[in-house]
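Chemist: Got a structure for you, written out below as structure tokens; questions coming shortly.
The values are calculated or read from the model by the stated rules, or taken from the named source; none is laboratory data. Keep in mind that what you see is a predicted model, and the values were worked out from it rather than measured. For neighbour counting, all protein chains shown are included, and Cβ atoms are generated from backbone atoms with ideal geometry for every residue, glycine included.
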Amino acid sequence: MSLQLIDTHSHIYDPQFDADRDEAVARARAAGVGRILLPAVDAESYGAMFALARQYPELCRPMMGLHPTSVNDNPRWREDLEQVARYLAAPPEGIRFCGVGEVGLDLYWSRDFLSQQQQALRFQVELSLQYGLPLVIHTRDAWDEMCALLDAFRGRGVRGILHSFCGTADHYRALKAAGGFLFGIGGPVTYKKSSLPDTLREIPLSDLVLETDSPYLPPVPYRGKRNESAYVGLVACRLAEIYGTTPEEVAAVTTRNARALFGERIS
């Protein structure tokens, strides 16, 4: 089986890959991964992301953004957002951003920073519209809040990916009404107790893209171990079971979806 895949969400620049990053890249290529998209997290990790994008420009395409948990307990979060804006206005040498991400809302640890996270997300949605770049959006324990925030941008052409989607079918419909969104599916769809397969029966394959979120959320049979982009084909295989089609068809449709969203910036 030969699949042509795009991993739309991988932190392969994370220190967990420092010992074998080149080997992980080689494994991804051998598994049919033609692009690895790199969402940013915070100022401390931008340098490693830039270095990887420069080393593998034909494979790794970076984004720029501030992760919602990087807003929590961060007295400099506004300055960090201004840095995001500066990078988008004038990317570092050899860098071309394909999206604005990883941005979003995360209320898993605390609701104390919801207002700051909302301000940061709105700021970065505006940047995505200013530069014509898709968003890559993180949502954890905040699907209702996310739907409400994005609905305020309805009609303005906002678009992107709801990364690691685990909302309900109602959340899916609300987000589709708010803008041109696709939904990232990764390792959790393979978990025995996941409700995602039931939700996906109300979502067409044409609205999905594949992701790993490496080094996090590995698919079965690698659960509990480090995730990597080479495993994205396992997600395609599980989706093929859910949709009653072939892994090749899942790969073709999701790759086409990703290319339509990101355009020539990942060509």
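Chemist: Taking the range 27-56 as the region of interest, how many residues are of a type in the set (Gly, Ala, Ser), closer than 24 Å to residue 254 by Cα and in contact with a helix residue (DSSP H, G or I) (Cβ under 9 Å, 6 or more places away or on another chain)? Show your work before the answer.
Modeler: Taking the range 27-56 first, the residues of a type in the set (Gly, Ala, Ser) are 28, 30-32, 34, 40, 43, 45, 47-48, 51, 53.
Applying the additional criterion that residues be closer than 24 Å to residue 254 by Cα yields 28, 30-32, 34, 40, 53.
Adding the requirement that they be in contact with a helix residue (DSSP H, G or I) (Cβ under 9 Å, 6 or more places away or on another chain) leaves 28, 30-32, 34, 40.
Adding up the residues that qualify gives 6.
Chemist: Could you please give the count of residues in the range 151-182 that are surrounded by 15 or more Cβ atoms within 10 Å (Cβ to Cβ) and in a strand (DSSP E or B)?
Modeler: Adding up the residues that qualify gives 6.
Chemist: Is it true that residue 118 is surrounded by 15 or more Cβ atoms within 10 Å (Cβ to Cβ) and at pLDDT 95 or above?
Modeler: yes
Chemist: Take the range 61-99 and flag every residue that is loosely packed, with under 15 Cβ neighbours inside 10 Å and aliphatic (A, V, I, L, M).
Modeler: 89, 90 - these are the residues of the range 61-99 that are loosely packed, with under 15 Cβ neighbours inside 10 Å and aliphatic (A, V, I, L, M).
Chemist: Sort through 49, 63 and tell me the only one that's touching a residue at least 60 places away in the same chain (Cβ under 8 Å) and in contact with a strand residue (DSSP E or B) (Cβ under 8 Å, 6 or more places away or on another chain).
Modeler: So the residue among 49, 63 that is touching a residue at least 60 places away in the same chain (Cβ under 8 Å) and in contact with a strand residue (DSSP E or B) (Cβ under 8 Å, 6 or more places away or on another chain) is 63.
Chemist: Still on this model: Among the residues of the range 31-42, are any touching a Ser or Thr at 6+ places or on another chain (Cβ under 9 Å), within 14 Å of residue 212 (Cα to Cα) and in a helix (DSSP H, G or I)?
Modeler: No, there is no match, as no residue in the range 31-42 is touching a Ser or Thr at 6+ places or on another chain (Cβ under 9 Å), within 14 Å of residue 212 (Cα to Cα) and in a helix (DSSP H, G or I).
Chemist: Another one. Does any residue of the range 131-145 turn out to be within 23 Å of residue 76 (Cβ to Cβ), among the hydrophobic types (A, V, I, L, M, F, W, C), in contact (Cβ under 8 Å) with a residue 12 or more places away in the chain and part of a loop (DSSP other than H, G, I, E, B)?
Modeler: Checked against the condition, which is being within 23 Å of residue 76 (Cβ to Cβ), among the hydrophobic types (A, V, I, L, M, F, W, C), in contact (Cβ under 8 Å) with a residue 12 or more places away in the chain and part of a loop (DSSP other than H, G, I, E, B), the range 131-145 yields at least one hit.
Chemist: Which pairs do you get when a residue that is more than 14 Å from residue 213 (Cβ to Cβ), found in the range 174-196, comes within reach of a residue that is hydroxyl-bearing (Ser, Thr, Tyr), reach meaning Cβ atoms under 6 angstrom, with the pair 6+ apart or on two chains?
Modeler: As it stands, the answer is none, since no pair meets every condition given.
Chemist: Mind listing whichever residues of the range 221-243 are of a type outside the set (Val, Ile, Thr) and in a helix (DSSP H, G or I)?
Modeler: 229, 230, 231, 233, 234, 236, 237, 238, 239, 240, 241, 243
Chemist: Something else now. So in the range 187-220, with the set limited to residues that are part of a helix (DSSP H, G or I) and either modelled with pLDDT under 95 or among the polar types (S, T, N, Q) (or both), which one is farthest from residue 238 (Cα to Cα)?
Modeler: Step by step, filter the range 187-220, then rank; the result is 206.
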